[in-house]
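The values are calculated or read from the model by the stated rules, or taken from the named source; none is laboratory data. Since this is a predicted model, take the numbers as computed values, not measurements. Cβ coordinates were reconstructed from backbone atoms using ideal geometry, including for glycine residues, and neighbour counts include every protein chain displayed. For the accessible areas, the whole protein counts, side chains as well, though only heavy atoms, and no ligand, DNA or RNA atoms are used. Shrake-Rupley method; radii C 1.70, N 1.55, O 1.52, S 1.80 Å.
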Amino acid sequence: MTDMTNQEFEDIRPYTDQEIPAAMERIATSSALPLLASYVCPDRTFDEVRAMLRSFNTIEDFQMGVMYHANKQIIANSITSFTCTGIDRLDPATPYLFVSNHRDIMLDASLLQNVLVDAGHKSSQITFGANLMMNPVVIDIGKSNKMFRVERPGGSIKEFYKSSLHLSRYIRHAITEQRESVWIAQRNGRTKDGIDRTDQGIIKMFGMSRTDNKVESLNELHIVPVAVSYEWESCDILKTIELYEKQRGPYIKKPGEDLNSILTGIAQPKGRVHIEFCRPLERDELQAFSDLTAGDFHKQVATLIDHRICTSYRLTPNNYIAHDIRYGNMEYADRYTPEEKKAFKDYMHKLSRYEEDCDIDQLFDIFLGIYSNPIDSKRLFSRHGA
C-alpha cells in the first residue's frame, strides 16, 4: 500500500508502507514479543525474530513474513482440513467488497487472506472493531496488516450517522481509488447462535457514500458474499454461556473477554474449516430492486446476501447430530456415525461444569442451536431461488 495523500481518513486507515519500519521497531521492542514469537516462529530465537521484524519495509513484507505464517501455524495446529471453493469466480485484477458471515473474531478474515494470496490475489483490507484495539502492540499489528478502525454504534444519532458515512466513504475510497479489496462482517459482532443474517443497516451504510444511484452505488463495490464454516464452532462454550446470560438479563462484557475469545478461537480445535466465495452480486439482481423504497431495497439486498451465505454454508456431521438431538428424531442419521455422535455428546457435556449455576437443559439447547441452526437456515433459503 502506497502513501495516501487523502487526509480525510487519518483516524481510521491502516498504515502505509512508509510507517512500517517504525511500527516494526515498536513491535520488536515490546514486552509481548516473546509470546508472539514463540507461536509464530517457534524455531527461531527472539533475536532472530527481532532482526526479521526490523528488516520489514512494507506491509507485504510483514504480511508474508509474519501473518501468513501465523495463519499456517493455526491451520497446522487446530484445523484438520482447510478448503476453499469459488475463488475461481473472482478476477485478481478486480477489487471486491467481501461481506462475510462472522463466527470468529480474528480467523474469519485472517484465514481468508491466505486463500487470497495463494490464489494470486492481493490481500484485502480488513475492518477492525475499535473495541479490539486493546493496546499499542495490537494496534501496530492490526494496522500493519491492512486493518482499519470501525467504531461500534453508540452516542447520539448524529454521531452514529457521521461515523457511518465516514466508514462508507473509506470503503468506497479503498475499492474504487486504492483498488484494494475490503473484508467486512455481515453484521456488527459475531454470530453467536449459528444464525447468519446480514444487518440491512450495513447495506445502507455501503450506499451512504454515493446517493445519486442506489444500484450503481452498490454495483461499483463488487460485493461478494463469503460463507465461512467451522466443523467445531469457534468459542462454542463461551458463546453458549453468553447467550444463556443474555436470556437472564442484560449482558455485561467482562474485562479481557475479547482477548480471551481471540486466543480461544486460535487454539481451539476447529476440525474442518471451509471458505466459500459465493457468486458476486450482479447489477441485474440489484436493478430488480431499483423501484423499491430505500429501506426495502436494503432489505432485499441483505436477503440476497443471506441466501448466498446460508445455502453455501458447509454442513458437517456435528450440524446433523445437533439437529437430531435437539428435535428428538433421527432425520439425519445417515449423515453421521455412532462414534461421531458420541464424540459430539461427550464434548457438549463439558457444559455440565456450569450446572450448579445454570439450567443445564437450557444450556444444552442453546449449544445445540448453535450447531443445528445452519441446517434450518439452509433449508429456509434453499426453498427460494437465488
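Structure notes:
- Solvent-accessible area of MET134 with every protein chain in place, 1.4 Å probe, in Å² to the nearest 10: 70 Å²
- Fully extended contour minus Cα-Cα distance, from THR337 to ALA267, at 0.36 nm per residue: 22.6 nm
- For the chain, carbon and sulfur atoms together expose 53% of the accessible surface, with a 1.4 angstrom probe and every protein chain in place.
- Kyte-Doolittle at least 0.0, axis length at least 30 Å by Cα - qualifying DSSP helices, the chain: 360-382
- Once all protein chains are placed together, LYS246 keeps about 100 Å² accessible to a 1.4 angstrom probe.
- Calculated FRET efficiency, ALA119 to THR16, Cβ-Cβ distance, R0 = 30 Å: about 0.75 to the nearest 0.05.
- For q = 0.14, 0.15 Å⁻¹, Debye-computed log10 I/I(0) when each Cα of region 17-162 counts as one equal scatterer: -0.77, -0.87
- Gained length - ARG54 relative to ASP359, 0.36 nm times residue gap less alpha-carbon distance: 104.5 nm
- Largest to smallest in accessible area, the residues VAL40, VAL182 fall in the order VAL40, VAL182 (1.4 Å probe, all protein chains included).
- Remark: spin-label model distance TYR161-HIS349 equals 5.7 nm, labels positioned 7 Å along the Cα→Cβ axis.
- Per-pair calculated FRET efficiency, R0 = 22 Å: LYS246 and THR211 via Cβ, rounded to 0.05: 0.05
- For region 174-330, the orientation-averaged shadow of the C-alpha convex hull comes to 12.3 nm² (one quarter of the hull surface).
- Region 239-305 - Rg over Rh from alpha carbon coordinates, Kirkwood radius: 1.19
- Value at 222 nm in deg cm²/dmol, rounded to 500, when DSSP H runs of n ≥ 4 in the chain each add -39,500 (n - 2.57): -14500 deg cm²/dmol
- Among GLU276, GLU25, GLU60, the largest mean-square fluctuation in a Gaussian network model of the chain, built with springs joining Cα atoms closer than 10 Å, belongs to GLU25.
- Exposure check, 1.4 Å probe, all protein chains in place: MET133 carries approximately 30 Å² of accessible surface.
- Across region 47-136, the mean sequence separation of Cα contacts (distance under 8 Å, 6 or more residues apart), normalised by length, yields a relative contact order of 24 percent.
- Percentage of interatomic Cα-Cα distances in region 119-221 larger than 16 Å: 64 percent
- When only Cα pairs below 8 angstrom with a gap of at least 6 residues are kept, region 268-386 shows a relative contact order of 32 percent.
- Candidate aspartates and glutamates - alpha carbon under 18 Å from LYS253, same-chain residues fewer than 8 apart omitted: ASP104, GLU151, ASP193, ASP236, GLU242, GLU245
- Listed residues GLY249, GLY271, GLY201, most fluctuating in the chain (Gaussian network, C-alpha, under 10 Å): GLY249
- Calculated on the Cα set of region 281-386, radius of gyration then Dmax: 18.5, 56 Å.
- Under 25 Å between alpha carbons - lysine pairs in region 91-190 that sit 8 or more apart or on different chains: 4
- Full extension of the chain segment joining SER31 with ASP43 gains 2.4 nm, where the gain is 0.36 nm per residue of separation less the Cα-Cα distance.
- Residue-normalised accessible area of the chain, expressed per residue, 1.4 Å probe, Å²: 46 Å²
- Accessible surface, 1.4 Å probe, highest first, among residues THR293, THR337: THR293, THR337
- What you get for the chain, charging only the Cβ of Lys and Arg (+1) and of Asp and Glu (-1), is a dipole of about 260 debye around the Cα centre.
- Identified option (computed Cα extents along the principal axes in Å; candidates (1) 56, 48, 43; (2) 95, 50, 40; (3) 61, 61, 43): (3)
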